[in-house]
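Just so it is clear, none of the values below were taken in a lab; they were calculated from the coordinates. Model, not experiment: these values are computed from the prediction. Here the Cβ is made from the backbone with ideal geometry for all residues, glycine too, and neighbour counts use every protein chain on show.
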Amino acid sequence: MDTQTPCSSPLTALFPTELEGFDQLAKLALDLRCSWNHATDDIWRQLDPELWALTHNPWGLLQTVSREKIRTLLADPGYRAQLDKLVKKKREAEQTPAWFQQNHPKSALNAVAYFSMEFMLSDALPIYSGGLGNVAGDQLKAANDLGVPVIGVGLLYQQGYFRQIIDQNGLQQAVYPYNDPGQLPVSPLRHANGEWLRIKLDLPGHPIWLRAWQVQVGRTKLYLLDSNDTANYAPFRAITSELYGGSADLRLMQELVLGIGGWRLLNALGIEPEVCHLNEGHASFAILERARCFMKKSGQSFAVALAATRAGNVFTTHTAVAAGFDHFAPALIEQWLGDYANLELGISISDLLALGQVDANHSSADFNMAYLAIRGSGAVNGVSALHGDVSRRLFASLFPRWPLNEIPIGHITNGVHTPSWDSASADELWTKACGKDRWLGATDELGQSIRAVSDAELWRFRTAASQTFVRYVREHLVRQMAASGTPQADMEEAQHLFDPKVLTLGFARRFATYKRPNLLLHDPARLLRILTNPERPVQLVMAGKAHPADQAGQALIKQWIDFIRQPQVRQHVIFLSDYDMLLSGHLVAGVDVWLNTPQRPWEASGTSGMKVLVNGAINLSELDGWWAEAYRPDIGWALGDGKEHGDDPNWDAIEAEALYDLLEQEVIPEFYQRDEQGIPIEWTTRMRESMAHLTPHFSTNRVVREYTELRYLPAAKAFRERAADNGALAKQIADWQQTLDQQWAGLRIDGVMARQESQQYFFSASVLLNGLAPQDVSVELYADGVDGKEALRQTMVCECLPDDSKGAYLYRLTVPASRALTNYTLRIIPCREGISTPLEVNHIVWEH
Ligand SMILES: *Cc1c(COP(=O)(O)O)cnc(C)c1O
């Protein structure tokens, strides 16, 4: 493949390119920064107010609005002046040094490749399903805001994720509209001479040709691959047809395209990232391809290349259940990657399989993509503190005999891109309190500024939000009913449903059983009483899709629709179909309380509850995911006892009752308790504290700063050191690992002596190192932590001459006698500067 500098040519013959000013308009429309920076809204609205309100898709507008209309607007000096100003602002925003340039001017970090199966950036680009894509999209946007050099890599699906219709019978129907690349805000990547930039993967039978696309997110870029190339063997053109659909075969092919194709694309573009961030295990094959490229460049073996490159790989795991990780039958891996292993990586297929299996005793086990990610990364993270805990349990089997709290998985709690999820009026309120650039740097001071906003102002803001929301809900509902053939009378009724003065609860999420979307339906009569209390009524808005293969999830939707269709309920509960980013934006801005009822600990983080913070809604959530660390009694409400109860139906019943109690006794009274001006002071107090205390922390601004400082910068540095000199250090590391692998079984702790003298213990032990040097290991005195305290770990001192003919070394340590002698034990672990133990070497020997 040749590596000429590619260029993108967004404009095709479809457009009135001859019109002076049109290219400016197109440039703005192709920049997804428009989707959250509302400065450009007005120029799109003028093109077609109705379509704009419906789609918020500038690039789509440009293709549907008549040329005459565009011509007229561009000829209007007012419009042109507005346009020129926006283009100038865009350029300034891209060139101004941001947080990263100001705080890390001389860093070793030039590029982070961020791989994800889905990206939720804008409704105009429907290549997402839910939470995972949300995290990816929001992090890319925050990277732009902060100037962190992140480059996204993903897939361009011809159909994306399914769209939802609720039919006359209350059943979910899945439909798959076609994503026409010409109508998406993407530009094809081409060489300077106009040729397509194509990436080739050699697979058995047929090569796969991949096309590449570029998405502009401010100064940040996202590259997307798709296999819909006419030169492909026809079935291969369908590889990128659908997100999370199809067979294991198809999924594996998608992951090959994403991981291997994605890294190859970066190469073809001349980009050499120091850091590769794997957002979930789907893209783990990038680890192999990155190592392969290093092999080619340095002439080193696969083991050395992996030792060099893994230091620059960062893995984030998102699931809280073992079944959530993608895994493939060994035969399938062998079929598609056998040649790649042998011919490209120079390793056997069983060596490759071992990277995705628990251990050598499980050579017929499925190949687990998350295991590969852990074996190939220098840092591993969960997405909340609780999820870090859960993940240490999930991956404990990869680190046999290591204490649970030393399983090398940390966490960086998720956040959301606040500017994408604030409503226009929330933006106004925050701008007044905290200034325009509040999300572009450190956010520690913002809370104080929001605390200064008065109750009256906060309540005015919420009242206006409720009015806007009720209008939106009615419109959306009527359209949805018309599309599924609802009788006229019902549609007329729908135009008067809901009341802006009534307390509005919101629940929107994927309908999966562990999320318990039916918890509120546990006692339908009690729920109905709560909703229809004449003094203090409540209204509930719901949304959510169930995966087309998830029958149980679809049954939960049906259960709600059946409940809602009862005449006495209809006024109080609305189910809005086709939960997507646009709908989500309206919901999080409009409801008063956001409900979240997962079974702990299965919601790894959850992000929708974070989206309501900036808009002044209050969370009522199970103590799971992010809420387990965010909750305080003065900022929201909590469900559950902070313990795990599996899917015990008795416990579900207890929590359902607790939820009704909480609503009846706390939430509803607080909302309707007004002062003489009609303001619910306790409510606005809680709301203000939720906004002030939580919004800055649970933003991707904080997340991306943490990833940059705690992960990317150290990873970039470590990778550079190991890679220097054609991987000289990596070679030493790989050799050292190999020596350890060979010798470790012969290590032994002998002749331990322990005695007490006054307040001290004296330990000594004779340790057989089996040919390893004392500096290769650390001999430690260890005692489990008690009462939630950290374990005691102290390095013993080596008398560094073998003390007998067997080559044993004498180790000694004196410690205060603070605990019973029997609490202590000795252990040997590998030790080498710059090596992460046990992530990179998981050997351990215990005294007992
Ligand atoms: C925020 C969001 C999600 C993820 O929300 P969770 O809290 O993780 O369930 C899913 N889908 C859409 C459309 C969203 O906006």
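Pop the C-beta distance of Ala525 and Arg163 into the FRET formula with R0 = 35 Å and round what comes out to the nearest 0.05.
Computed FRET efficiency for Ala525 and Arg163: 0.55.
Taken one residue at a time, the phi angles of region 183-191 give Karplus couplings (6.51, -1.76, 1.60, θ = phi - 60°) of 9, 9, x, 10, 10, x, 8, 10, 6 Hz. Gly and Pro are set to x. Whole-Hz Karplus values for region 383-393 come out as 10, 7, 4, 5, 5, x, 4, 4, 5, 4, 5 Hz, taken residue by residue from phi with 6.51 cos²θ - 1.76 cosθ + 1.60 and θ = phi - 60°; glycine and proline positions read x. Phi angles of region 420-426 translate, via the Karplus equation with coefficients 6.51, -1.76, 1.60 and θ = phi - 60°, into HN-Hα couplings of 7, 10, 7, 6, 4, 6, 5 Hz per residue; Gly and Pro are given as x. For region 457-669, the pair-distance distribution built from all alpha carbon pairs, in bins 5 Å wide starting at 0, is 1, 7, 15, 20, 22, 18, 10, 5, 1, 0 percent.
Listed by chain and number, the lysines placed with their C-alpha closer than 20 angstrom to that of Lys558 are Lys515, Lys545; residues fewer than eight positions away on the same chain are left out. If I take every Cα pair under 8 Å that is 6 or more residues apart in region 299-399, average their sequence separation and divide by the length, what percent do I get for the relative contact order? Once divided by the residue count of region 299-399, the mean separation gives 39 percent. Sorted ascending by nearby beta carbons within 10 Å, beginning with the fewest, Met117, Met253 become Met253, Met117. Taking region 733-752 and a reference point 7 angstrom along Cα→Cβ of Thr814, no backbone N atom is nearer than 12 Å. Calculated over region 11-411, the projected area of the Cα convex hull averaged across directions stands at 23.0 nm².
Computed across region 440-572, the Kirkwood hydrodynamic radius from all distinct Cα-Cα pairs reaches 17.3 Å. Helix 330-339 against the longest principal axis of the chain: what's the angle in degrees, Cα atoms only, rounded to the nearest 10? Helix 330-339 sits roughly 80 degrees off the main axis of the chain. Our helix-only sum for the chain, with -39,500 (n - 2.57) per DSSP H run of n ≥ 4 divided by its residues, gives a mean residue ellipticity at 222 nm of -11000 deg cm²/dmol. Under the simplified labelling scheme, the Ser449-Arg570 pair shows an inter-label distance of 4.8 nm, with each label point 7 Å from Cα along Cα→Cβ.
Report the paramagnetic label zone for Thr64: residues of region 566-583 whose backbone N is under 16 Å from a point 7 Å from Cα along the Cα-to-Cβ axis. Residues passing the 16 Å test: 582-583. In this structure the amide hydrogen of Ala546, modeled in the peptide plane, comes within under 5 Å of the amide hydrogens of Phe511, none closer than 5 places in sequence on its chain. Candidates Leu210, Thr319, Ile407 compared by Cα position along the dipole of region 11-411: farthest toward the positive end lies Ile407, with charges placed on Cβ. Our summary of shape: the Cα atoms of region 149-245 have principal axis extents of 54, 41, 23 Å, ordered from largest down, in whole angstrom. Dipole check for the chain: with +1 at the C-beta of Lys and Arg, -1 at the C-beta of Asp and Glu, and the Cα centre as origin, the magnitude is about 1480 Debye. In the chain, the DSSP beta bridges split such that about 55 percent are antiparallel, to the nearest 5. If you take the charge dipole of the chain about its Cα centre, with +1 on Lys and Arg Cβ and -1 on Asp and Glu Cβ, which of Val358, Ala617, Asn381 is farthest toward its positive end? Final value for the positive-end residue is Asn381. For the chain, the alpha-carbon radius of gyration amounts to 1.02 times the rule-of-thumb value 2.2 N^0.38 Å expected for a compact globular protein. Give me the net charge for the shell around Ile208: Cβ to Cβ below 12 angstrom, other residues only, Lys and Arg +1, Asp and Glu -1. In short, +2. Computed from Cα atoms, the angle from the helix 455-483 axis to the main principal axis of the chain rounds to 80 degrees. Computed from Cα atoms, the angle from the helix 77-95 axis to the main principal axis of the chain rounds to 10 degrees. Given R0 = 51 Å, the distance between the Cβ atoms of Glu195 and Ala322 translates into a calculated FRET efficiency of 0.65. Separation of region 792-840 and region 606-682, taken as the distance between their Cα centroids, equals 49 angstrom.
Neighbour counts of C-beta atoms inside 10 Å place Cys798, Cys34 in the sequence Cys798, Cys34, starting with the fewest.
Considering region 210-364 at the alpha-carbon level, its Rg and Dmax are found to be 15.9, 49 Å. Relative to one another, the C-alpha centroids of region 383-424 and region 132-149 are positioned 18 Å apart.
Residues whose amide H lies under 5 Å from that of Val416, counting only those 5 or more places away or on a different chain, are Ser699, Thr700; hydrogens are built 1.01 Å from N in the peptide plane.
Quick one: how many lysine pairs does region 13-147 have with C-alpha atoms less than 17 Å apart and a gap of 8 or more or different chains? Give me the count, please. Close lysine pairs under the 17 Å cut-off: 5.
When only alpha carbons are used to place a centre, region 165-202 and region 512-559 end up 33 Å from one another.
For the pair Thr795 and Ala396, the difference between a 0.36 nm per residue extended length and the Cα-Cα distance amounts to 141.3 nm.
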